[in-house]
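Computed from the coordinates by the stated procedures, all read-outs in this text should not be read as laboratory data. No experiment lies behind these values; they were computed from the predicted model shown. Cβ placement follows ideal geometry from the backbone for every residue including glycine, while neighbour counts extend to all protein chains displayed.
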Amino acid sequence: MKLQLTTPRLRWPILLLGALGGLSTGVGGLGQDCGENAGLNVGDGAGRPGEVVAVELRGSSQCLVAGFSLAVGHDTTRVELAGASAGQFLLDHAGSELVFGVFPHNSEGFAALFVAFDLRFPLTVPPRDVPPDTLLATLTYRVLPGALPGAAALRNEDRTFGSPNPISNVYIEEDGTEIHPRLGSGAIVVLEPTGGFLRADANADGAQDLSDVVFLLLYLFRRGTATAPPCLSAADSNDDGRVNLLDPVTLIAVLFRGAGPIPPPSGACGPDPTPDALTCEAYGACP
Ligand SMILES: [Ca+2]
Ligand SMILES: [Ca+2]
């Protein structure tokens, strides 16, 4: 994108970027009758350690807007932002011009979203209103292993968040005017871990298949660089209390040579019936 500061049509995208970067425009709050009922609300979710939880971001604006920016604070010891996807409303309106930026949390635990209908010149996507309770985006959070049970707040309660470069929680009109919506916080309820798992599901995705063999081989032969099994008890395919080459070999024999069965818990989630020193820090595939 080329920024040409002398072109009037470039004003709002620059101000939108300014809002994201915390640059004060000084034009907010003017003539905002249409903005009285504007809102940006973060929803709720629930999940166990290791699980990914979807949280809805819903909004509304009677003013015609060209985008918005938003920062949501969270407890980084319990959850982390895993990603975000644009709602159908944004996709339908802006199509391939949509700019949908997701920024991981900063040192204060504020993750940010930056949305513009169009930043490619000449601008072709017009500003528009946002009907009440429109799904703008889905935020996905991962509940961290060992997260304490209870509600972890998703803080969306002030006009700007973070420092030294605060992010404004605003809609932006085409001329750069900020619309200040009512902000609503959400929460992720961290549930007690069940402690159950499926044996041989080394990658903890709920299925015992070839991907677990590959996952284990990478882990065993690239120690230090490959991802470790989140639940070592599940990675112990033959239930001998150790995770080594025999475990992918055991699973290969079951999958391709009719060997088996895999020692329990295998057909259904459950605890390890043969106590050993292996740990299971996170396994989110069992309800
Ligand atoms: Ca698996
Ligand atoms: Ca083993």
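What to note about this one:
- Angle in degrees between helix 11-21 and the longest Cα principal axis of the chain, rounded to the nearest 10: 40 degrees
- Dividing the summed helix terms, -39500 (n - 2.57) for each DSSP H run of n ≥ 4, by the number of residues in the chain produces a 222 nm estimate of -4500 deg cm²/dmol to the nearest 500.
- Computed from the C-beta positions of Val214 and Glu192, the FRET efficiency with R₀ = 45 Å rounds to 0.90.
- Only the Cβ atoms of Lys and Arg (+1) and of Asp and Glu (-1) were treated as charged; on that basis the dipole of region 178-223 about its Cα centre amounts to roughly 180 debye.
- Think of region 194-287 as having a plus end and a minus end, set by charges on the Cβ of Lys, Arg, Asp and Glu; of Thr225, Phe197, Leu278, Thr225 sits farthest toward the positive end of this dipole.
- Which of Tyr283, Tyr219 has the fewest Cβ neighbours within 10 Å, and the rest in rising order: Tyr219, Tyr283
- C-alpha long axis of helix 246-257 to longest principal axis of the chain, angle in °: 90 degrees
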